[in-house]
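Peer 1: The following block contains the structure, expressed as structure tokens.
The values are calculated or read from the model by the stated rules, or taken from the named source; none is laboratory data. This is a predicted model, so every value here is computed, not measured. Virtual Cβ from ideal backbone geometry, glycine too; neighbours counted across all protein chains shown.
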Amino acid sequence: MNLRGMAAIYRSEMARTRRTLLQSIVSPVLSTSLYFVVFGSAIGSRITEVAGISYGAFIVPGLIMLMLLTQSVSNASFGIFFPRFSGSIYELLSAPVSYMEIVMGYVGAAASKSILLGLIILGTAGLFVPLQIAHPFWMLLFLVLTAFTFSLLGFIIGIWAEGFDRLQLVPLLVITPLTFLGGTFYSIDMLPPFWQGVTLLNPVVYLVSGFRWSFYGVGDVSLAASLAVVVAFLAVSLAVVSWIFRSGYRLKP
């Protein structure tokens, strides 16, 4: 394995984050803090507890997951799209690095940024609400698995997109709505039975539920189901990325 080549891609992507620190780090943290202020204060004053947890603390895992999904996809999609847009992707493909090393460089950098943001927001949340993490190992596992899985999805979107407008199509029209409807701000037990069944078709429910369980030991679905969905999503994303490089989809002129 060409570790030096993979590290070069990783460092290049992380350097871009340092150059755009305000956009990459500060902006997501501020926007998530506003959620704490608005939902924690305005709605939290009317909904005191959910599943025995104060409402402000209850929404913390969902807000971190919302940021994690959107930032992972956005960082990875832009990271691979720009080389395609500028034409430098052909130099990369002709370099002595395998497709797996290319993917690990870009996806590893995107996931690292998202994990860093998630930890910063977790620390910020402690300023607003009392937090407890009942299962730190599972919390970190869900954080890392979700970041890598959706960074792979972002990588796929960056290959698929033909223009900058399409980079935001999936995050805005698919991922963000699914996250808001996936139990970020409420428990699906609060819904009527019919809508509970419909909501369980949303894969984000399993991500949010598993992540929330790692904090408070409660979730809308079992831990095994949450892990199964994350691992299945990861396997499908890896299979699609493998097919892209084998077929040359959107990579070869």
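Peer 1: Please list, ordered by residue number, the helices (runs of 4 or more DSSP H) wholly in segment 1-75 having 1 or more residues that are on the phi < 0 side of the Ramachandran plot, at pLDDT below 80 and polar (S, T, N, Q).
Peer 2: Details: elements: 3-19, 27-37, 55-58.
Once the helices (runs of 4 or more DSSP H) in segment 1-75 are filtered for at least 1 residues that are on the phi < 0 side of the Ramachandran plot, at pLDDT below 80 and polar (S, T, N, Q), what remains is 3-19, 27-37.
Peer 1: Which of (1) modelled with pLDDT of 90 or more; (2) farther than 25 Å from residue 26 by Cα; (3) among the hydrophobic types (A, V, I, L, M, F, W, C); (4) in contact with a helix residue (DSSP H, G or I) (Cβ under 8 Å, 6 or more places away or on another chain) is the odd one out, the single condition residue 201 does not satisfy?
Peer 2: Of the numbered conditions (1) modelled with pLDDT of 90 or more; (2) farther than 25 Å from residue 26 by Cα; (3) among the hydrophobic types (A, V, I, L, M, F, W, C); (4) in contact with a helix residue (DSSP H, G or I) (Cβ under 8 Å, 6 or more places away or on another chain), the odd one out for residue 201 is (4).
Peer 1: Further question on the same structure: For the condition in a loop (DSSP other than H, G, I, E, B) and surrounded by fewer than 21 Cβ atoms within 10 Å (Cβ to Cβ), what is the one hit in 218, 144? So that I can check it myself, show each step before the final result.
Peer 2: Numbers: 144 fails: in a loop (DSSP other than H, G, I, E, B).
Exactly one residue qualifies, and that residue is 218.
Peer 1: Let me ask something additional. Return the total of residues in segment 101-141 being surrounded by 15 or more Cβ atoms within 10 Å (Cβ to Cβ) and part of a helix (DSSP H, G or I).
Peer 2: So the count comes out to 27.
Peer 1: Name every residue in segment 153-185 that is in contact (Cβ under 8 Å) with a residue 24 or more places away in the chain, of a type in the set (Gly, Ala, Ser) and not in a helix (DSSP H, G or I), in order of residue number.
Peer 2: Residues satisfying the conditions are 161, 182, 183.
Peer 1: Looking for whichever is out of contact with any Phe, Trp or Tyr (no Cβ under 6 Å at 6 or more places or on another chain) and within 25 Å of residue 142 (Cβ to Cβ) here; the options are 66, 92. Which one fits? Give the derivation first.
Peer 2: Values: 92 fails: within 25 Å of residue 142 (Cβ to Cβ).
From the options 66, 92, the qualifying one is 66.
Peer 1: Kindly provide the set of residues from segment 214-225 that are touching a residue at least 60 places away in the same chain (Cβ under 8 Å) and touching a Lys or Arg at 6+ places or on another chain (Cβ under 8 Å), ordered by number.
Peer 2: 218
Peer 1: Ok, one more. Does residue 211 qualify as being of a type outside the set (Val, Ile, Thr), at pLDDT 95 or above and over 30 Å from residue 87 (Cβ atoms)?
Peer 2: Values: of a type outside the set (Val, Ile, Thr): yes; at pLDDT 95 or above: yes; over 30 Å from residue 87 (Cβ atoms): yes.
Spelling it out, residue 211 is indeed of a type outside the set (Val, Ile, Thr), at pLDDT 95 or above and over 30 Å from residue 87 (Cβ atoms).
Peer 1: Just give me the residues in segment 186-213 being in contact (Cβ under 8 Å) with a residue 40 or more places away in the chain and either under 17 Å from the mean Cα position of the chain (by Cα) or over 28 Å from residue 36 (Cβ atoms) (or both), in sequence order.
Peer 2: Filtering segment 186-213 for residues in contact (Cβ under 8 Å) with a residue 40 or more places away in the chain gives 186-187, 189-190, 204, 207-208, 210-213.
Hits for segment 186-213 are 204, 207, 208, 210, 211, 212.
Peer 1: Next question. Provide a single number: the residues in segment 164-175 that are under 20 Å from residue 201 (Cβ atoms) and loosely packed, with under 15 Cβ neighbours inside 10 Å.
Peer 2: Residues that pass the stated criteria total 2.
Peer 1: Can residue 228 be described as of a type in the set (A, V, I, L, M), in contact with a Lys or Arg (Cβ under 9 Å, 6 or more places away or on another chain) and assigned to a helix (DSSP H, G or I)? Even if it seems obvious, please write down each step before you answer.
Peer 2: On the way: of a type in the set (A, V, I, L, M): yes; in contact with a Lys or Arg (Cβ under 9 Å, 6 or more places away or on another chain): no; assigned to a helix (DSSP H, G or I): yes.
In short, no.
Peer 1: Also, I was wondering about something else. Which residues, taken from segment 99-133, are among the charged types (D, E, K, R) and over 13 Å from the mean Cα position of the chain (by Cα)?
Peer 2: In the first step, residues of segment 99-133 are kept if they are among the charged types (D, E, K, R); the result is 101, 113.
Of everything in segment 99-133, just one residue is among the charged types (D, E, K, R) and over 13 Å from the mean Cα position of the chain (by Cα), namely 101.
Peer 1: Does at least one position in segment 148-158 carry a residue that is crowded, with 19+ Cβ neighbours inside 10 Å, in contact with a Ser or Thr (Cβ under 8 Å, 6 or more places away or on another chain) and more than 18 Å from residue 230 (Cα to Cα)?
Peer 2: Yes, segment 148-158 contains a residue that is crowded, with 19+ Cβ neighbours inside 10 Å, in contact with a Ser or Thr (Cβ under 8 Å, 6 or more places away or on another chain) and more than 18 Å from residue 230 (Cα to Cα).
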